[in-house]
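Comments concern the structure below.
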Amino acid sequence: MRYLPLTEADRQTMLAAIGVAKVDDLFADVPAAARREAPVDLPFSAGEMDVERRLSALAEKNLPAGRAPFFIGAGAYRHHVPAAVDALIQRGEFLTSYTPYQPEVSQGTLQYLYEFQTQVALITGMDVANASMYDGATATAEAAAMACRVTKRKTILLSGNLHPHYRSVTATSLQYSGLVVEALDPDPLDVEDLLGRIGPDIACVVVQNPGFFGRVKDLSALAAACHAEGVLLVVAVTEPVSLGLIAPPGAMGADIVVGEGQSIGNGLNFGGPGLGLFATAEKYLRQMPGRLAGQTVDVDGRRGWVLTLSTREQHIRREKATSNICTNSGLCALAFTIHLSLLGETGFRRLAEINHAKAVTLADKLRRVKGIRVLNQTFFNEFSVLLPKSAAPVVETLAGRGILAGVPASRFYPSYPELDEVLLLTATETTTEDEMDRLVQALSEVLS
């Protein structure tokens, strides 16, 4: 393929058509402080061995989750991933798979996507699920936009207990859509009045369960209040392992369930990739973003799979598309499906029970530390505590001792001084009692 660059006249014609004077105007939303005026200070060339040495030295500065007592959660969780998951997803037919436009040569990919959808629908308690999305945050933004299409309303109400990344991605994604995003203040004590905010102008209420600060709630009353006003309830789940123990959002009346699937089958990987979950009621099927794999039979009556629904812009929908997201994190979805299949229903429930038991043990130990107050009455594997001093310096001090002691709420909400002493802590099946005791001992010394 030849490279045919644009002429200056071509550029000016294109700029005039979209109403800007110069190319730099296209980057007006990027803060000036984030723009580079010169190339990155890296050598233009280097030998392979030299590159390996330099990159390895940089990598050694990281502290992987498995090398230290690890109590970090806040939307991304460390779980044990069976070796079989990694072995299977690296098979060539999966590792190099792409969008299955031709079902006759993509039966393996379509089958696992169909099974993935089935698993997500089952654990969320919804009728139908799509073939995944980027991550939980973008799935939430898509759910909010979908709710506005369904209700023909423009105002989206975000709970203060929705993950701050989900809040900011939703606001950013919809800022030029003509929709209104109203976000309540963060609320570790969970006393916000969502019921009092529901009205005929609201398209949807978006909540998280367990909430960002760890609290688990029964959303049935909220769902009933939403439906009485024609409002859709969107529930986000950042920790899908919790669905092995907590009543699924669908059973509480959710209209759309979104979430982050990273916890099942996928490691932390220092920040990604993620796996967006998206499920809804059947009556909203055609407003659902992404794509849907379906089961059918061929002319000989043999079972097969096809791409049943695809409302993405790169398919036939074009400008009528429900979403322009053009990936489904397929390899991560496959890892999710394999891991959940290995667990089975009994194993999934048992994994959730172990997670909750670990967190209960940790909370009980922390209650005995002078000055620490556990804020949650209910939680799954993550909860918040109030320290007698600012949480961020405490976390830094413990990191210097080789203990990754959770996430200060101020990291996400620096402009809320009332959250300065709030610390989020997580315990999963990977957390040992010895690690808990090390954390408790270190906190006792730092806080004394």
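Can Thr118 be described as of a type in the set (Ser, Thr, Tyr), closer than 30 Å to Glu345 by Cβ and under 17 Å from the mean Cα position of the chain (by Cα)? Break it down into steps so the answer makes sense when it comes.
Working: of a type in the set (Ser, Thr, Tyr): yes; closer than 30 Å to Glu345 by Cβ: yes; under 17 Å from the mean Cα position of the chain (by Cα): no.
When the stated conditions are applied, Thr118 does not pass them.
What pairs come out if I take residues in segment 397-421 that are at pLDDT 95 or above and pair them with residues that are of a type in the set (Lys, Arg) and not in a helix (DSSP H, G or I) whose C-beta lies under 8 Å away, six or more apart or interchain?
Short answer, once both residue conditions are applied: Glu421/Lys389.
Please go through segment 369-393 and give me each residue that is closer than 14 Å to Glu445 by Cα, of a type in the set (Val, Ile, Thr) and touching a strand residue (DSSP E or B) at 6+ places or on another chain (Cβ under 7 Å), ordered by number. It would help to see each step written out before you state the result.
Filtering segment 369-393 for residues closer than 14 Å to Glu445 by Cα gives 369-372, 387-389, 393.
With of a type in the set (Val, Ile, Thr) added as a condition, the list becomes 369, 372.
The one that is closer than 14 Å to Glu445 by Cα, of a type in the set (Val, Ile, Thr) and touching a strand residue (DSSP E or B) at 6+ places or on another chain (Cβ under 7 Å): Ile372.
So for segment 56-79 (the condition being more than 24 Å from the chain's Cα centre (by Cα), farther than 30 Å from Phe336 by Cβ and modelled with pLDDT of 95 or more), does at least one residue qualify?
Yes, the conditions are met somewhere in segment 56-79.
Has segment 441-448 got at least one residue that is hydrophobic (A, V, I, L, M, F, W, C), at pLDDT 95 or above and within 30 Å of Asp218 (Cα to Cα)? Even if it seems obvious, please write down each step before you answer.
Keep residues of segment 441-448 that are hydrophobic (A, V, I, L, M, F, W, C), which gives 442-443, 446-447.
Then drop every residue that is not at pLDDT 95 or above, which leaves 442-443, 446-447.
With the extra rule that they be within 30 Å of Asp218 (Cα to Cα), the set shrinks to none.
There is no residue in segment 441-448 that is hydrophobic (A, V, I, L, M, F, W, C), at pLDDT 95 or above and within 30 Å of Asp218 (Cα to Cα).
Of the residues Thr124, Thr170, which is within 18 Å of the chain's Cα centre (by Cα), buried (at least 23 other Cβ atoms within 10 Å of the Cβ), more than 30 Å from Ala363 (Cβ to Cβ) and assigned by TED's automatic domain parsing to the domain that holds Leu331? Even if it seems obvious, please write down each step before you answer.
Values: Thr124 fails: more than 30 Å from Ala363 (Cβ to Cβ).
Thr170 is the lone residue from the list that is within 18 Å of the chain's Cα centre (by Cα), buried (at least 23 other Cβ atoms within 10 Å of the Cβ), more than 30 Å from Ala363 (Cβ to Cβ) and assigned by TED's automatic domain parsing to the domain that holds Leu331.
Within segment 369-379, is even one residue without any contact (Cβ under 8 Å) to a residue 60 or more places away in the chain and in a strand (DSSP E or B)? Even if it seems obvious, please write down each step before you answer.
Let us first name the residues in segment 369-379 that are without any contact (Cβ under 8 Å) to a residue 60 or more places away in the chain, namely 373-374.
The next check asks that each one be in a strand (DSSP E or B); those that pass are 373-374.
For segment 369-379, residues without any contact (Cβ under 8 Å) to a residue 60 or more places away in the chain and in a strand (DSSP E or B): present.
Does Glu142 satisfy the criteria of being assigned by TED's automatic domain parsing to the domain that holds Ser323, at pLDDT 95 or above, assigned to a helix (DSSP H, G or I) and surrounded by 24 or more Cβ atoms within 10 Å (Cβ to Cβ)?
Values: assigned by TED's automatic domain parsing to the domain that holds Ser323: yes; at pLDDT 95 or above: yes; assigned to a helix (DSSP H, G or I): yes; surrounded by 24 or more Cβ atoms within 10 Å (Cβ to Cβ): yes.
Yes.
Just checking, does segment 313-329 include any residue being over 12 Å from Met133 (Cβ atoms), of a type in the set (A, V, I, L, M) and at pLDDT below 95?
yes
Please go through segment 269-307 and pick out each residue that is polar (S, T, N, Q) and surrounded by fewer than 18 Cβ atoms within 10 Å (Cβ to Cβ).
Across segment 269-307, the qualifying residues are Asn269, Gln287, Gln295, Thr296.
Identify all residues within segment 320-367 that are over 21 Å from Arg215 (Cβ atoms) and among the small types (Gly, Ala, Ser); write none if there are none.
Ala321, Ser323, Ser329, Gly330, Ala333, Ala335, Ser341, Gly344, Gly347
Name the residues in segment 14-63 that are free of Cβ contacts under 8 Å to residues at least 40 places away in the same chain, closer than 29 Å to Ser263 by Cα and of a type outside the set (A, V, I, L, M, F, W, C), would you? First the steps, then the outcome.
The first filter runs over segment 14-63 and keeps only residues free of Cβ contacts under 8 Å to residues at least 40 places away in the same chain, leaving 14-61.
Retained after the next criterion (residues that are closer than 29 Å to Ser263 by Cα): 55-61.
Ser56, Glu60, Lys61, listed by residue number.
Test each condition in (1) assigned by TED's automatic domain parsing to the domain that holds Val191; (2) aromatic (Phe, Trp, Tyr); (3) farther than 30 Å from Ala145 by Cα for Phe348 and report the one that comes out false.
Of the numbered conditions (1) assigned by TED's automatic domain parsing to the domain that holds Val191; (2) aromatic (Phe, Trp, Tyr); (3) farther than 30 Å from Ala145 by Cα, the odd one out for Phe348 is (1).
Listed residues Ala392, Ala409; which is within 27 Å of Val237 (Cα to Cα), in the same structural domain as Ile354 (by TED's automatic domain parsing) and within 22 Å of the chain's Cα centre (by Cα)? Steps first, please.
Numbers: Ala392 fails: within 22 Å of the chain's Cα centre (by Cα).
From the options Ala392, Ala409, the qualifying one is Ala409.
Only residues that are in a helix (DSSP H, G or I) and polar (S, T, N, Q): list them for segment 28-81, please. Give the steps one after another, and end with the answer.
Keep residues of segment 28-81 that are in a helix (DSSP H, G or I), which gives 32-34, 48-59, 65-67.
The one that is in a helix (DSSP H, G or I) and polar (S, T, N, Q): Ser56.
Every residue, every condition in (1) touching a Cys at 6+ places or on another chain (Cβ under 9 Å); (2) closer than 19 Å to His163 by Cα; (3) in contact (Cβ under 8 Å) with a residue 12 or more places away in the chain; (4) not in a helix (DSSP H, G or I), yes or no:
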{"position": "His227", "(1), (2), (3), (4)": "no, no, yes, no"}
{"position": "Val234", "(1), (2), (3), (4)": "yes, yes, yes, yes"}
{"position": "Leu243", "(1), (2), (3), (4)": "no, yes, yes, no"}
{"position": "Gly250", "(1), (2), (3), (4)": "no, no, yes, no"}
{"position": "Gly265", "(1), (2), (3), (4)": "yes, no, yes, yes"}
{"position": "Gly271", "(1), (2), (3), (4)": "no, yes, yes, yes"}
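With the checklist (1) in contact (Cβ under 8 Å) with a residue 60 or more places away in the chain; (2) in contact with a Leu (Cβ under 9 Å, 6 or more places away or on another chain) in hand, flag the one item Thr361 doesn't pass.
(2)
Is there a residue in segment 28-36 that is over 23 Å from the mean Cα position of the chain (by Cα), in the same structural domain as Val241 (by TED's automatic domain parsing) and loosely packed, with under 10 Cβ neighbours inside 10 Å? Walk me through it before giving the result.
Filtering segment 28-36 down to residues over 23 Å from the mean Cα position of the chain (by Cα) leaves 28-36.
Remaining after also requiring in the same structural domain as Val241 (by TED's automatic domain parsing): none.
So far as segment 28-36 goes, no, none of its residues is over 23 Å from the mean Cα position of the chain (by Cα), in the same structural domain as Val241 (by TED's automatic domain parsing) and loosely packed, with under 10 Cβ neighbours inside 10 Å.
Tally the residues that are exposed (fewer than 11 other Cβ atoms within 10 Å of the Cβ) and farther than 30 Å from Pro210 by Cα, restricting the search to segment 54-73. Talk me through it step by step, then tell me what you get.
Of all residues in segment 54-73, those exposed (fewer than 11 other Cβ atoms within 10 Å of the Cβ) come to 55-62, 67.
This time we only want the ones that are farther than 30 Å from Pro210 by Cα, so: 55-61.
Result for segment 54-73: 7.
Condition first: more than 16 Å from Leu233 (Cα to Cα), out of contact with any Leu (no Cβ under 8 Å at 6 or more places or on another chain) and touching a residue at least 24 places away in the same chain (Cβ under 8 Å). Now tell me which residues in segment 117-157 satisfy that.
Ala121, Tyr134, Ala137, Thr138
Among the residues of segment 80-105, how many are of a type outside the set (A, V, I, L, M, F, W, C) and modelled with pLDDT under 85? Working first, answer last.
First, pick out the residues of segment 80-105 that are of a type outside the set (A, V, I, L, M, F, W, C): 80, 82, 86, 90-93, 96-104.
Keeping just the survivors that are modelled with pLDDT under 85 gives 92-93, 96-104.
The number of residues fulfilling the criteria is 11.
Among Thr432, Thr426, which is the only one that is of a type outside the set (A, V, I, L, M) and within 25 Å of the chain's Cα centre (by Cα)?
Details: Thr432 fails: within 25 Å of the chain's Cα centre (by Cα).
Exactly one of Thr432, Thr426 is of a type outside the set (A, V, I, L, M) and within 25 Å of the chain's Cα centre (by Cα), namely Thr426.
The values are calculated or read from the model by the stated rules, or taken from the named source; none is laboratory data. These figures come from a predicted structure and were not determined experimentally. Heads up, the Cβs are rebuilt from the backbone with ideal geometry, glycines too, and the neighbour counts pull from every protein chain shown.
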